[in-house]
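A short write-up of the structure that comes next.
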Amino acid sequence: MRLALAIGTFFILVIHGVVFYNQFFHQWERNQHAYFDQARVLAKTDVERSTLASRKPRIEQIVVSNFGETRVDRCTTCHIASDDPRFATYAEPLKAHPYSTTLGDAQKNGKWERRHKFSEFGCTVCHDGQGRGLDPEYSHGKDEYWPEPLLGYTTQENWRKDFAPKLKGKEYMQANCAQCHTEIAFPGTPLVTKGRELFFSSNCYGCHRIEGLSDGTIGPDLSDVGKKWKLDYLWGRIADPKSILATSIMPKFNLKEEDIKALVVFLKSRKGRNFAETEIQRFKVKLTGGAELVQATIKPVHINPAEMVKQGEKLVLDRACTACHKLGDRDGGIAPDLSFEGLLKDGPWIYDHFKNPKSTMPDSIMPAFRFTDDEFKAMTAYLLTLKGTSPAGNGEAIYKALCLRCHGEKGDGRGPIAEHLDPYPRDLTKAGFMNSKPEARLVASIRNGVAGTSMPAWGKLLSEEQAKAVLSHIQTTFTKEARRELKVRPIPEKNPVAMSKESVARGEGIFVERCAGCHGKKGDGKGPNSLDILPKPRNLRNTFFVDSVDDRRLFESIQYGVQGTAMPPWIDYGLTNNDVGDLVNFIRSINQKQQKGGQHAAPVQ
Amino acid sequence: MSRPTPPKSSLLATLLDLPKNVWSSIFRNPLPSNDLERSATSFTNFFLHIHPVKVHKNSLRPAYTFGLGLISFFLFVILIVTGILLMFYYVPSTTQAYDRMLDLRGSVAFGTLLRNMHRWSAHGMVAVVFLHLCRVFLTGSYKKPREFNWVVGVILFLLTLFMSFTGYLLPWDQLAFWAITVGTAIAGYAPVIGKDIQFLLMGGTSVGQEALLRFYVLHVAVLPAILTLMIAIHFWRIRKDGGLSRPEDADPKIAIEPMEVAATKASVPEPKKLYGFQGLVRGPLTKVGQVPDNTVFSWPNLFLAELFTFVVTLSAILVLSLLFNAPLEEPVNALHPPNPAKAPWYFLGLQEMVSYSAFWGGIGVPGIFVLLLLGTPYLDRGPKGVGKWFSRDRLLANTIFITFVVANVIFVIIGTFFRGANWAFVTPW
């Protein structure tokens, strides 16, 4: 017992020895001693030499309060020669910070003078890193938890191995220059300028919001993305979006490496509020939406009327349309195929859809891009030349060529792009729905399309026989159940209740009471129950759709329900034909606005 | 004039005797050489007199206690010392706390070591206190007359958890912020008063400056005071309840003589009969030195064992603190939660259960467990099975207890290692 005690006590002593050694022999003290020794050799006067001889190592620090939160930069404790021009050729950490005219340093009487004096700026304002640290590991931000590793110098252990080497280089520091130098084309920050241009020319702004620049709502707000994320995340998000987040719907843009770098630098410079802005400037930008900056950044293409189609083609490729849409070999996997666009849609429709996607497709997620009218016209002209080729072969071949992208391999309405479409593509395996509709209507849906949805009028490409062949393929492969004789139901051909204010008011009452749970108070199909329902409740404010449906069909859907969906037969719940008439009047009344534009659902002649 | 000046040699002698005189004025007894002096050493020293003069051999068996109670106490001492030193540098402010952590890590003398020691001792204390609780349960030591001390012990365990939990927030990094956000949310699942407790703890609807200040005050003032008081009661009760528990057959049988015989015997004066003070209070076992009683003197047996435990504890903490740095993650970003956000490890069992059912996992099951623990000595009244590990007589109680403990340990392990983003099941390899 006593021996064990003695050993234990000795052990504690040894540990204390180690602790004290670590505590009193710091790396930075050795660095400072080395500096004093070297400086003594270089010293010219005896006074200088004696002051150096009497200097003792100590923690040097610069307290910077002009740039955001107060910073305490102790970097010069190790980099003690950073402002001593005699040490220009020494190795780090005893190297003098280089002078450079691009940084604004100027030579006066043969002596360099810094534009950014260390005593005013400190180090971390430009370089990032952890100013308070005195251990290289921590102060350079090598430890994975530090949010700001030395910009362009330090990569962290957990960064992706293939990205990390690309994230080194002085040029990344331009992101920090831009915290003060916010001029539109500041010569010192070419990558920030280039990145901002790419932000527009690659259409990032369509989905993403950046305060004072853009208003996209589909993707995350990037206003302070540079504060939240490190370089490796930003690079990864652009170069390989799904590797960071498997559910990301961000398209993979085919950008060159230097373009990605410019975008990363630009995004890294987005830190919410930067140092140069005042409150009133921010407010002004808020009022104008940053129009000035945007105007200076977007470079419109001059359209030559003679070469519209050619220029349109170039625009469609340059502006990354295929990051979402499919066109030839390129397929973004998010939006519909454009290969038949010239056949399925007309000029005005395409042009209107460009100007304001929701004006022709009420629930489209396509962003409204800020191209010039001429550019839109050229792109429209190009798209109108795309007629595709009529697919040959049996129903199965046609299904695979035209329908699979939305309706899916198994016909369950879960094709590759289905989740981005609203309303969802029809689930063709639901026999309840498929067999409750007359065959003629299904064929008509194929040939005429469904107005207000992404289902195009394939009749412009397929003959009646081909459409029927596709339908029979669908029925044998997906629906499987044999068709039954349809029940004959007493359904009024025309709405028996005349349109009137009173009728609409009565209809609204019934709607709020009976329908709003799923179809929503506004009738937009987003009621509280809609989240749990597939297919989603119909958006009854989709004017194109509502206008394309006759009274008889509305009566049938309401009174006898829609089989294979959550819509119940309301006749069982006591709705009379007059009630339904009021409802139909109410639904028609909220779709009064007649919108023009290439309505693609006009019946095929 | 007439006063005789002391001779020089006398002054020298006084000076030479000074160390000895100072020493003997502080320590009245010389190093003991006989039993009487051994007794005197124990009860004349302020720090030693909390111990009994003689201690039962069974209490000294390492395999019986594993020294767990003592280790908990020494960890608490280390925590107080390092904690007070850390207080010199800490500011409970959301704008400064994290910077202070960086300063501790980088530029304060011994800052890293202090923080590491404090952190690892805190984790260690939670673990060791829990093991101590298991030891006491599995040896049946909560039985009469130690029922109330068991209750005090359970309260001490809960206080330790709360102490560690309140300290968790103070570094004000992402780990702290989200662990406390999750932890207080678990408290919010309690019925009726849950939301109020949550609000009271956080001083608002989210973890912020008010929460930091509250946790700080709880951590450095309120809880240590309560904990110290409860520890004092805990130790005092050990003495009053007759020392550590031991099996019935550890003491030799003493035949109690009939009253008349005892009375006649008492009339005959017997030389040098020693009575312990304890014995005066407690009745028949008054005779000391007359019967073989399996006790040994505390000096040196008990004190050496205690010193040894202390040395081992301190070495372990020092080694841990040299090898592993206490974690310090990113500064708090309330808009950017880590995925998954995890509570401190000792609450991960709760969090894992909460992921199945908010009420039952966070409040119901742990509440029942704590109530059962508190009620154990009053529910399990059988006198048998005291002082033996896994006694056959206490099969049912031990089985229930081990089931709870193993279940909790499994949940903690699942929560710590097998839960990834969105609390989905992942394998750590």
B:Thr95 paired with B:Leu307, simple spin-label distance in nm, labels 7 Å along Cα-to-beta-carbon: 5.2
Anchor A:Lys108: lysines whose Cα lies under 18 Å away (excluding residues fewer than 8 positions away in-chain): A:Lys117
Size of charge dipole - the range A:440-529 - debye, nearest 20, with Cβ of Lys, Arg +1 and Asp, Glu -1, no other charges: 80
Long-range lysine pairs (8 or more apart or interchain), the range A:395-479, Cα under 22 Å: 10
Environment charge at B:Asp380 (Cβ cut-off 13 Å; Lys +1, Arg +1, Asp -1, Glu -1): +4
Estimated [θ] at 222 nm from DSSP helical runs (n ≥ 4, -39500 (n - 2.57)) normalised by residues in chain B, nearest 500: -19000 deg cm²/dmol
Amide hydrogen neighbours beyond the local backbone of B:Lys54, cut-off 5 Å, H modeled: B:Ser298
Integer Hz, Karplus 6.51/-1.76/1.60 couplings in order for the range B:347-354, x for Gly and Pro: 9, 5, x, 4, 4, 4, 5, 4
Sequence-distant residues sharing a close amide H with A:Asp215 (under 5 Å, placed H): A:Ile210
Shape category assigned to the range A:316-384 from the gyration tensor of Cα positions, a/c cut at 1.5: rounded
Inter-label distance, nm, simple model (7 Å from Cα along the C-beta direction), A:Asn304/B:Ser24: 11.7
Gained length - A:Lys108 relative to A:Glu120, 0.36 nm times residue gap less alpha-carbon distance: 2.3 nm
Distance between the range A:283-317 and the range B:65-104 - C-alpha centres, whole angstrom: 61
Potential extension, A:Ala505-A:Glu409 segment - 0.36 nm per residue separation minus Cα distance: 30.0 nm
Cβ charges +1 (Lys, Arg) and -1 (Asp, Glu), total dipole of chain A, debye: 280
Lysines whose Cα lies under 25 Å from that of A:Lys284, excluding same-chain neighbours fewer than 8 positions away: A:Lys194, A:Lys227, A:Lys268, A:Lys271, A:Lys299
Chain A: calculated mean residue ellipticity at 222 nm from DSSP helix runs of at least 4, using -39500 (n - 2.57): -11000 deg cm²/dmol
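Packing-wise, with mean Cβ within 10 Å as the measure, how do B:364-370, A:455-461 rank, highest first?
Ranking the peptides B:364-370, A:455-461 by packing returns A:455-461, B:364-370.
Classify the protein assembly as shown as rounded, prolate or oblate from the Cα gyration tensor: take a ≥ b ≥ c as the square roots of its eigenvalues, call it rounded if a/c is under 1.5, otherwise prolate when a/b beats b/c and oblate if not.
The shape class here is oblate.
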Whether chain B is rounded, prolate or oblate, judged on the alpha carbon gyration tensor where a/c under 1.5 counts as rounded: oblate
Residues A:Arg132, B:Arg38, A:Arg484, sorted so that the one with the fewest Cβ neighbours within 10 Å comes first: A:Arg484, B:Arg38, A:Arg132
Ranking of A:Tyr145, B:Tyr142 by count of other Cβ atoms within 10 Å, fewest first: A:Tyr145, B:Tyr142
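Would you mind working out the magnitude of the charge dipole of the range A:170-297 relative to its Cα centre, with +1 at each Lys and Arg C-beta and -1 at each Asp and Glu C-beta, to the nearest 20 Debye?
300
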Sequence of B:Tyr378, A:Tyr153 once ranked by neighbouring C-beta atoms within 10 Å, starting from the fewest: B:Tyr378, A:Tyr153
Förster radius 60 Å - calculated FRET efficiency between A:Ile184 and A:Val41, Cβ distance, rounded to 0.05: 0.75
Inter-site label distance for A:Asp547 and A:Arg49 at 7 Å from Cα along Cβ, in nm: 9.7
Pairwise centroid distance, computed over Cα atoms, of the range A:79-126 with the range A:133-202, Å: 20
Extension gain (nm, one decimal) between A:Asp572 and A:Ala6, 0.36 nm per residue minus Cα-Cα: 194.6 nm
Karplus (6.51, -1.76, 1.60) ³J(HN,Hα), θ = phi - 60°, over the range A:411-418, in Hz, Gly and Pro reported as x: x, 8, x, 10, x, x, 9, 4
Cβ-derived FRET efficiency at R0 45 Å, B:Val77 paired with B:Leu372, nearest 0.05: 0.90
Among B:Leu161, B:Leu138, B:Gln174 the positive-end extreme of the charge dipole of chain B (Cβ point charges): B:Leu138
A:Lys522-B:Ala109 FRET efficiency (beta carbon distance; Förster radius 45 Å; 0.05 resolution): 0.10
Cα centroid of the range A:56-73 to Cα centroid of the range B:10-25, whole Å: 55
Distant-in-sequence amide H partners of B:Asp173 (H built 1.01 Å from N, under 5 Å): none
Hz values of 3J(HN,Hα) by residue in the range B:309-316 - Karplus curve (6.51, -1.76, 1.60), Gly and Pro given as x: 4, 5, 4, 5, 4, 5, 4, 4
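Computed from the coordinates by the stated procedures, all read-outs in this text should not be read as laboratory data. Because the structure is a prediction, the values reported are computed rather than measured. Positions of Cβ are generated from backbone atoms using ideal geometry, with glycine treated the same way; all protein chains shown enter the neighbour counts.
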